[in-house]
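Worksheet for the structure shown next.
Nothing in this text is a laboratory measurement; each read-out follows from the coordinates by a stated rule. For clarity, every value in this text was computed on a predicted model and none was experimentally measured. Glycine also receives a Cβ, built like all others from the backbone with ideal geometry; neighbour counts cover every protein chain displayed.
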Number of protein chains: 2
Amino acid sequence: MKFLHTSDWHIGRQFHGVSLLEDQRAVLSQLIDYISENPVDALVIAGDIYDRSVPPTAAIELMNQFVGRVCDELSLPIILIPGNHDGAERLGFGSSQMKGSGLHILSSFDDMTQPVVITSDIGEVAFYGMPYNDPEMVRHYFKQPVSTFDDAHKFLADEIKSQFSPKQKNVLISHCFVDGAIESESERPLCIGGSERVSHEHFVDFDYVALGHLHQPQKKGQDYIRYSGSLMKYSFSEQHQKKGVTLVELDKNGFKSATHIDLKAPHQMRIIEGELINIIEQAKEDSNHEDYLLVRLMDTHAILNPMEKLRSVYPNVLHIEKPGMLIGVEKELAAAKLSRSEMDMFRDFFKETQNVDLSHEQDEAISDLIMQLSHQ
Amino acid sequence: MKFLHTSDWHIGRQFHGVSLLEDQRAVLSQLIDYISENPVDALVIAGDIYDRSVPPTAAIELMNQFVGRVCDELSLPIILIPGNHDGAERLGFGSSQMKGSGLHILSSFDDMTQPVVITSDIGEVAFYGMPYNDPEMVRHYFKQPVSTFDDAHKFLADEIKSQFSPKQKNVLISHCFVDGAIESESERPLCIGGSERVSHEHFVDFDYVALGHLHQPQKKGQDYIRYSGSLMKYSFSEQHQKKGVTLVELDKNGFKSATHIDLKAPHQMRIIEGELINIIEQAKEDSNHEDYLLVRLMDTHAILNPMEKLRSVYPNVLHIEKPGMLIGVEKELAAAKLSRSEMDMFRDFFKETQNVDLSHEQDEAISDLIMQLSHQ
């Protein structure tokens, strides 16, 4: 029994003012090609289909075309949940009317305990979708005194586990931040201050856990508790991450294997570092000169119109950084400024606003507080 | 063969800052009750399901509940088209996946020539949905040189007629302004200046034409070319209009009858006219004191806090007019001002900006132009 696990499509996302829709269309087209050539039993999307709760019309059209190709033409069931970027009610319209066609949008807590059951060569596999949620939603809906994401996800996982049938394998689909997993720059925090973390321990009883939210493909705690990562790169810091989907195989004993299937956006996101003249020279040899680029200019002298010069060879330079332009005294000053600690900055701020220095006690109290916060 | 024809639900509409959602919920609930007790073969909604292309979440939820009750529980097919208030692509997401469930959203020109065929006691009836369109859309999609709404609708009706099968009766669903039909205040013009009008002649070959856009129930040209009118009143000027849905009956010869089925919103929209003291006195006898009211105060003296006083007996007074407050000279002046013709106003405007009077020729030319425009 094989299925594909993907997440974090963010259809309709903009990057430095550039629409990524055509790249997304190309990657989804690769995914369709893969499915046509490598039959699987289901496609699971673990949230953040769209980038916003009210996606642009063109994003909806692209998703609609994808669903038409996969569900109608290839007859492959799609099982998806909303993520923190999606609007659950909006995404869920008509979900009850779509089920028969193989498009399963599990967008509410009501849907959570009614798994999509796929019958395969290893028997029945139940796919449980836990729509993206925060503690407040669980408190309100289930009248449960949960106060953290961890409490909420433990409670919901227990609810689902109470539905387990001995004759079925069980797959969980969830959009959350599993504690200890690695963040990327392009994710939007679920809440402030780290309390969004959920222990993977709540999920160990499933045969596979298809996670969404984090954009880097990774496993956490167990081989079968995994993030597929995002469909494509959504920040320059992801330049070295592999992007694609995860092919999951289950057998009679449960989890068998997870394999990364590469998908490649026409425009990659890359950082190029060097002096302007060298970058322009090397562009001649660069067959991917249409990639989306962050150029870090190391020149130490002023340059007139660097963007114009760079775009003559790399048309999609989206951002320039000039760390080399801080020279001599200025550079030292800036370096000194950048290396100032939070405590130094707070002392300055206090003096500026209160006209006196922090007392010894105040200084200690703030130091402790900063220490605590930075270790959370 | 019986079906219900309705249109212009405008779910999520606000009226003088008040949400009409609970009234809409109540009216839709009456409609569900009617359907449970009076089986029909289909429910047709001729556009303007929502009030905006991006409807509020609560509106989507209400529509979703309605669809669940009607399609899933009562197994009644719903056939709908987008109106000028709806976002066709947004409304159409998943439409291909919903068809099997009996929810037919005909939101594109592609859908237009693929009718929903309902088999009934009189044989097959084909329901053709013409999604709301303007000439530009038809020009672009069909590469046709249409320049008016009339051209566009003639072309589209001909496209549909070319699909007619001799063994089927044919119903058209369209959202447009049929020339000569009566407007209400709560409609949004499709374009400026009257060129939105479409001749009913293009539609005479259908067995029934289920129209949406105009909010007053009416027929035009033929008994079987009809507006069902809006679900409920959406302006005070509609206070005397009947609201509800149209029950259509077809037989072996085609159109048999159309009957208005009353639906009644909990809060009616009414205009009350009189002096404050009398209005407050009569409120005691008024069992519908929670209606949405426009109060036209005829008092000729100043009144302190009239809204507060009125709302103590009629909590949902939404607007007050005080025609009686223009007294003596002021009133005469105002009356004189209001009765000025377009021509008088243009003469003043010309004098004001050009510092000379219109010449005799100019005056005649403008008069003719105004005459022409006002007779279009």
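Compute the FRET efficiency between A:K284 and A:S29 as 1/(1 + (r/R0)^6), taking r as their Cβ-Cβ distance and R0 = 25 Å, and round to the nearest 0.05.
0.25
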Bins of 10 Å, starting at 0 and running to the largest distance - Cα pair percent for the protein assembly as shown: 2, 11, 16, 18, 18, 16, 11, 6, 2, 0
State, to one decimal in nm, how far the label point of A:E201 lies from the label point of B:S199, with both points 7 Å from Cα in the Cβ direction. 7.9 nm
GNM of chain A, Cα pairs under 10 angstrom: of A:G324, A:G87, A:G12, the biggest fluctuation goes to A:G324
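By per-residue mean of other Cβ atoms within 10 Å, what is the highest-first order of B:262-271, A:278-287?
With the highest mean Cβ count within 10 Å placed first, the list reads B:262-271, A:278-287.
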Just to confirm the number: angle between the C-alpha axis of helix B:328-338 and the first principal axis of chain B, 0 to 90 degrees, nearest 10? 40 degrees
By the scheme Lys and Arg +1, Asp and Glu -1, what is the net charge of all other residues having a beta-carbon under 15 Å from that of B:G12? -2
When A:T6, B:T259, B:T57 are ranked with the fewest other C-beta atoms within 10 Å first, the list becomes B:T259, B:T57, A:T6
Once normalised by the length of chain B, the mean sequence separation of its alpha carbon contacts under 8 Å that are 6 or more apart gives a contact order in percent of 14 percent
With θ taken as phi - 60° and the coefficients 6.51, -1.76 and 1.60, list the Karplus ³J(HN,Hα) couplings across segment A:309-320 in order, rounded to whole Hz; mark glycine and proline as x. 5, 5, 6, 5, 10, 10, x, 10, 5, 9, 7, 10
Taking every residue of B:60-71, the Cβ atoms of other protein chains inside 10 Å of its Cβ average out to 3
Which distances in nm, rounded to one decimal and ordered from shortest, link the label point of B:L74 to the equivalent label points in the other identical copies, with labels set 7 Å from Cα toward Cβ? 3.9
Taking the convex hull of the alpha-carbon atoms of segment B:1-130 and averaging its shadow over every direction gives an area in square nanometres of 7.7 nm²
Determine the sum of side-chain charges near A:T113: Lys and Arg each +1, Asp and Glu each -1, restricted to other residues whose C-beta is under 13 angstrom from that of A:T113. -3
Any idea what the A:P266 label distances to the other copies are, label 7 Å down the Cα→Cβ vector, nm, shortest first? 5.4
Dividing the convex hull volume of the Cα atoms of chain A by its residue count, what figure in Å³ per residue is obtained? 179 Å³
Using a Gaussian network model of chain A with C-alpha springs under 10 Å, which one of A:F236, A:F203, A:F142 is most mobile by mean-square fluctuation? A:F142
Extension gain from A:E183 to A:E308, taking 0.36 nm per residue of separation minus the Cα-Cα distance: 41.6 nm
Quick one: if the Förster radius is 45 Å, what FRET efficiency do B:H240 and A:V18 give, using the C-beta to C-beta distance and rounding to 0.05? 0.20
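Shielding of B:86-96 by partners, i.e. mean partner chain Cβ atoms within 10 Å per residue?
That works out to 6 on average.
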Which lysines, on any chain, are close to B:K143 with Cα under 26 Å apart, when same-chain ones fewer than 8 places away are left out? B:K154, B:K161
Along Cα→Cβ at 7 Å, what distances in nm separate the B:H375 label point from those on the other copies, shortest first? 9.1
Suppose R0 equals 60 Å; then what is the FRET efficiency for A:N253 and B:E275 from their Cβ-Cβ distance, rounded to the nearest 0.05? 0.10
Springs between alpha-carbon atoms under 10 Å, Gaussian network over chain A: tell me which of A:D110, A:D86, A:D150 tops the mean-square fluctuations. A:D110
